[in-house]
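Have a look at this one.
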Amino acid sequence: MDIIQISHYLDQLLDIHNIKDASRAVNGLQVENKGDIKKVGLAVDACQATIDMAIDAECDMMFVHHGLFWGGLQPVRGAHYKKLARMVEANLGLYSAHIPLDVHPVLGNNRQLADVIGLDNLQEFALNDGQYIGLRGTVAPKTGHELGGMLSEALQTNVRVIGDGVIRSVGLVTGGAGKLLGEAIREGLDCFITGEGDAYQFHDAVENGCVLIFAGHYATETGGVMAVGRHLEEQFDLETTFLDYPTGL
């Protein structure tokens with residue numbers, strides 16, 4: 001298969017044309033290449049480091065969560081030029097999916113994180129710009145620190161737990177969704193999990209009795225790209241490799 005065929009398949013799989021997103025996400029095929037695709041590099045971010053890793057691993061294309069244009073419209077010079085030039089010279093293609101990857105019911109970042117903590121009775125959660133971008137459900141009773149420990153071990157990252165108490169109901173939105181803590185509080189959930197947030201959310205969580213867990217923006221968004229990689233391997237007998245470049249954020 002070539003990159004156009006794979007891109008059309010991913011467009012349909014992730015429903016990128018019907019899911020709203022920021023304009024700078026530029027979901028879909030971002031950089032075309034020539035020839036057959038035999039190996040796909042999977043990364044959270046399309047940055048110089050992961051591009052270099054993909055080329056060193058002899059990948060033909062990358063599948064990422066954050067693409068090349070998060071800085072918005074900009075001249076093709078400096079660091080932006082270097083990334084693009086390196087990719088074109090190496091014949092490395094790039095496909096990106098942001099919110100469409102977050103919300104996919106099977107392969108998405110939210111679903112992968114829900115599976116990590118054994119979240120049952122799944123429902124859509126956190127209405128944002130007319131669409132739900134998270135999940136809520138129930139877990140076997142546990143403390144915030146027990147739940148944080150599960151996440152720390154599974155994601156291999158530092159986890160911050162704010163507040164405590166017995167947790168039975170959980171809402172989660174991967175990435176930088178601390179501002180949606182209020183949705184969890186309004187719905188009476190015991191816990192809200194996301195990647196990162198703002199300082200004032202500490203007090204909101206404690207004062208409203210909702211345990212807040214920050215598990216890292218990067219770490220909570222690794223699951224989706226790896227799940228898509230496994231899917232591509234099964235569907236098309238492609239080789240994939242995870243290009244791990246954690247930010248610590």
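The values are calculated or read from the model by the stated rules, or taken from the named source; none is laboratory data. Worth saying up front: this structure is predicted, and the values here are computed from it rather than measured. Here the Cβ is made from the backbone with ideal geometry for all residues, glycine too, and neighbour counts use every protein chain on show. Surface accessibility is based on the protein's heavy atoms, side chains included, excluding ligands, DNA and RNA. Shrake-Rupley method; radii C 1.70, N 1.55, O 1.52, S 1.80 Å.
Determine which residues of region 50-68 fall in the zone a paramagnetic label at L249 would reach in this model, i.e. backbone nitrogen under 14 Å from the point 7 Å along Cα→Cβ.
66-67
DSSP beta bridges in the chain, what fraction antiparallel, as a percent rounded to 5?
Looking only at bridges with both residues in the chain, the antiparallel portion is about 50 percent.
State to the nearest 20 debye the size of the charge dipole of region 96-209 about its Cα centre, where the only charges are +1 on K and R beta carbons and -1 on D and E beta carbons.
Dipole magnitude for region 96-209 comes out near 120 debye.
Where does each of 73-79, 213-219 land if you order them by average Cβ count within 10 Å, highest first?
Ranked from most to least packed, the peptides come out as 213-219, 73-79.
Right, next: Apply the Karplus curve 6.51 cos²θ - 1.76 cosθ + 1.60, θ = phi - 60°, to the phi angles in region 79-95 and return the couplings in whole Hz, x for Gly and Pro.
Residue by residue, region 79-95 yields 4, 5, 4, 4, 5, 5, 4, 4, 5, 5, 4, 8, 6, 9, x, 8, 10 Hz.
Within the accessible area of region 53-197, what % is carbon and sulfur when the probe is 1.4 Å and the other protein chains stay in place?
48
Going Cα to Cα from K179, which lysines come in below 19 Å? Please leave out same-chain ones fewer than 8 positions away.
Within reach: K20.
How would you rank 82-94, 52-64, highest first, on the average number of other Cβ atoms within 10 Å across their residues?
52-64, 82-94
Determine ³J(HN,Hα), in whole Hz, for all residues of region 142-149 in sequence, where each value follows from phi through the Karplus function 6.51 cos²θ - 1.76 cosθ + 1.60 and θ = phi - 60°; x replaces Gly and Pro.
Couplings: 7, 7, x, 6, 5, 5, x, x Hz.
Pairwise over distinct Cα atoms, reciprocal of the mean inverse distance: report the Kirkwood radius of region 91-185 in Å, one decimal place.
14.3
For V31, list long-range residues whose amide hydrogen, built 1.01 Å from N in the peptide plane, is under 5 Å from its own amide hydrogen.
Residues meeting the criterion, in which the H sits 1.01 Å from N, are L94.
Averaged per residue, what accessible surface does region 24-89 expose to a 1.4 Å probe, in Å²?
Value for region 24-89: 50 Å² per residue.
Still on this structure, I have one more. What residues have an amide H closer than 5 Å to that of N128, excluding those fewer than 5 places away on the same chain, when H is modeled at 1.01 Å from N in the peptide plane?
Hits under the 5 Å cutoff: I133.
Hey, another quick one. Based on the Cβ-Cβ distance from Q235 to Q48, what FRET efficiency comes out when R0 is 35 Å, to the nearest 0.05?
Calculated value: 0.70.
So, one more: For region 1-142, just the Cα atoms, rotate onto the principal axes and tell me the three extents in Å, largest first.
52, 31, 29
By a straight-distance test (C-alpha under 25 Å), which lysines pair with K38 as possible cross-link partners, with residues fewer than eight away in the same chain excluded?
Cross-link targets: K82, K83.
A follow-up question, please. For region 100-203, what is the accessible area per residue in Å², given a 1.4 Å probe and the full set of protein chains?
46
Report the dimensions of the chain along its three principal axes from the alpha-carbon atoms, largest first, rounded to Å.
For the chain, the Cα extents along the three principal axes come out at 55, 38, 34 Å.
Turning to a different aspect of this structure: Near I99, within a Cβ-to-Cβ distance under 10 Å, what is the net charge of the other residues, with Lys and Arg +1 and Asp and Glu -1?
Taking every Cβ under 10 Å from that of I99, the sum is -2.
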